[in-house]
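Written out below as structure tokens is the structure these notes cover.
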Amino acid sequence: MIELSAAPATLPPGQRVYAVGDIHGCLDRLAALHEMIAEDIAERPVAHTTLVHLGDYVDRGTDSAQVVDWLINRPPVPADEIVNLMGNHEHMMLSAVVGTEREAPSQWLVNGGADSLASWGIARTVPAAEWAARIPLQHLMFLRDLEISRRIGPYLFVHAGIRPGVPLDSQSRQDMMWIREPFLSSAADYGVVVVHGHTPKREPVVAANRIAIDTGAVLGGALTCVVLQEDRLGFLTS
């Protein structure tokens with residue numbers, strides 16, 4: 001049973017959102033969390049459910065390729081809609097694999113890219129120019145087509161956060177995938193509550209203007225899902 005408490009915003013009646021934090025190649029935890037979400041939907045039916053993954057599917061863990069494949073083939077969760085957002089690690093991977101920046105491959109490798117390559121059966125000694133040909137096109141297209149943000153009622157779902165003082169419709173892709181400060185320490189009223197990952201903490205953070213759910217699954221912490229419905233929230237972890 002999910003323990004519910006007051007949320008910083010209120011969804012319209014009949015809507016429930018499940019949002020999952022940074023996965024980083026932890027397929028076993030993701031599958032377990034999806035099973036919990038499916039059980040919760042079965043036990044507590046609601047008119048409309050949305051499942052949001054906040055990005056960082058790849059790097060550092062052992063099963064990046066398998067996580068991407070799992071998401072492509074639609075997780076066994078009876079949600080009405082599944083939204084997959086882009087994290088900074090997908091951004092780094094795409095820049096390294098199909099981009100043109102000379103430093104992108106080395107930057108990706110030192111930030112967990114070597115673990116991702118291994119999950120696709122690619123040795124670190126394989127030249128960067130050959131990586132794209134060795135990764136399934138369907139996987140690359142999935143990563144390329146990830147959304148950057150999604151607004152659901154009074155909540156804005158992004159990977160990293162937003163820049164204080166900038167209107168929502170003028171936020172940059174770079175900030176929404178990469179920002180930490182000044183976002184994390186800001187008490188600004190954005191007109192929405194930002195639900196994000198990107199910056200690992202031991203426990204979720206719930207503030208008036210943001211909910212942070214990267215709890216460091218690949219670092220030995222939990223994989224966390226926040227459950228939002230009406231004016232309440234709760235958490236599932238695996």
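The values are calculated or read from the model by the stated rules, or taken from the named source; none is laboratory data. Because the structure is predicted, anything quoted here is derived from the model rather than measured. Cβ sites come from the backbone with ideal geometry, for glycine too, and all protein chains shown count toward neighbours. The accessibility values were calculated without ligands, DNA or RNA, using every heavy atom of the protein model including side chains. Shrake-Rupley method; radii C 1.70, N 1.55, O 1.52, S 1.80 Å.
Output the residues belonging to segment 162-182 that are in contact with a Gly (Cβ under 8 Å, 6 or more places away or on another chain) and either of a type in the set (Asp, Glu) or free of Cβ contacts under 8 Å to residues at least 24 places away in the same chain (or both).
Within segment 162-182, Asp175, Ile179, Arg180 meet the criteria.
Checking the condition of a type outside the set (Val, Ile, Thr) and in contact with a Gly (Cβ under 8 Å, 6 or more places away or on another chain), which residue from Asp80, Asp69, Asp63 passes?
The unique qualifying residue is Asp63.
On the given criteria, is Thr50 over 22 Å from His196 (Cβ atoms) and surrounded by fewer than 23 Cβ atoms within 10 Å (Cβ to Cβ)?
It is false that Thr50 is over 22 Å from His196 (Cβ atoms) and surrounded by fewer than 23 Cβ atoms within 10 Å (Cβ to Cβ).
Does Val227 meet the test of being in a helix (DSSP H, G or I) and of a type outside the set (Gly, Ala, Ser)?
Answer is no for this residue.
Considering only residues that are basic (Lys, Arg) and in a loop (DSSP other than H, G, I, E, B), look in segment 188-210 and name the one that is nearest to Met177 (Cα to Cα).
Only one residue tops the list, namely Lys201.
Exactly one condition in (1) over 30 Å from His48 (Cβ atoms); (2) at pLDDT 95 or above; (3) out of contact with any Phe, Trp or Tyr (no Cβ under 7 Å at 6 or more places or on another chain); (4) open to solvent by 10 Å² or more (accessible area, probe 1.4 Å) is false for Arg124; which is it?
With respect to (1) over 30 Å from His48 (Cβ atoms); (2) at pLDDT 95 or above; (3) out of contact with any Phe, Trp or Tyr (no Cβ under 7 Å at 6 or more places or on another chain); (4) open to solvent by 10 Å² or more (accessible area, probe 1.4 Å), Arg124 is out only on (2).
Out of (1) within 30 Å of Val205 (Cβ to Cβ); (2) touching a helix residue (DSSP H, G or I) at 6+ places or on another chain (Cβ under 8 Å); (3) open to solvent by 50 Å² or more (accessible area, probe 1.4 Å), the odd one out for Asp169 is which?
(2)
What pairs can you find where one residue is in segment 126-153 and of a type in the set (A, V, I, L, M, F, W, C), the other is surrounded by fewer than 13 Cβ atoms within 10 Å (Cβ to Cβ), and their Cβ atoms are less than 7 Å apart, with a gap of 6+ or different chains?
Ile148/Arg173
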